[in-house]
1. Once phi is turned into θ = phi - 60°, what whole-Hz ³J(HN,Hα) does the Karplus curve with 6.51, -1.76 and 1.60 give for every residue of the stretch 65-74, x standing for Gly and Pro?
2. State the extension gain, in nm to one decimal, for the chain segment bounded by Asp61 and Ser114, taking 0.36 nm per residue of separation less the distance between their alpha-carbons.
3. Determine ³J(HN,Hα), in whole Hz, for all residues of the stretch 3-17 in sequence, where each value follows from phi through the Karplus function 6.51 cos²θ - 1.76 cosθ + 1.60 and θ = phi - 60°; x replaces Gly and Pro.
4. Identify all aspartates and glutamates with a Cα-Cα distance to Lys75 below 20 Å; exclude those on the same chain that are fewer than 8 residues away in sequence.
5. Enumerate the calculated ³J(HN,Hα) couplings along the stretch 20-27 in order (Karplus 6.51 cos²θ - 1.76 cosθ + 1.60, θ = phi - 60°), each rounded to whole Hz, writing x wherever the residue is Gly or Pro.
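None of the figures in this text is laboratory data; all of them are computed from the coordinates on show. Only a predicted model underlies this, so the values are computations on that prediction, with no experimental measurement involved.
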Amino acid sequence: QVQLVESGGGLVQPGGSLRLSCAASRSIFSISTMGWYRQAPGKQRELVATIARDGRTVYADSVKGRFTISRDNAKNTPYLQMNSLKPEDTAVYYCNVRNYWGDNWGRGTQVTVSS
């Protein structure tokens, strides 16, 4: 199993921006998709954005136009640029890399949007 570590979370005011990164403990092969998920207190984990091997992206409706997913092609890990953050974006954000053998998850990074 590959270990993933997220970074870039923190406390930001509404309207602010953060960029999340994900680092892998070793090379990941046979990747199908990379993505970001989030879980707010008392809620289920939900998809934020994914990027497929061919570059196609999928976004949750709630983040369209504000968040952008991209990837490091050398490291095979995703980034998430988050702009115009809202209090409802507050959650723990998880990096996911899906490959032939299944899902690889990080432990999450806290994003708090508050004034």
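1. x, 10, 10, 9, 9, 9, 9, 9, 5, 6
2. Values: separation 53, 0.36 × 53 = 19.08 nm, distance 2.14 nm.
Result: 16.9 nm gained on full extension.
3. Here the 3J(HN,Hα) series is 8, 10, 10, 8, 8, x, x, x, 9, 9, 7, x, x, x, 10 Hz.
4. Within the straight-line limit of under 20 Å, Lys75 reaches these aspartates and glutamates: Glu6, Asp54, Asp103.
5. Result, rounded to whole Hz: 9, 10, 9, 10, 10, 6, 7, 5.
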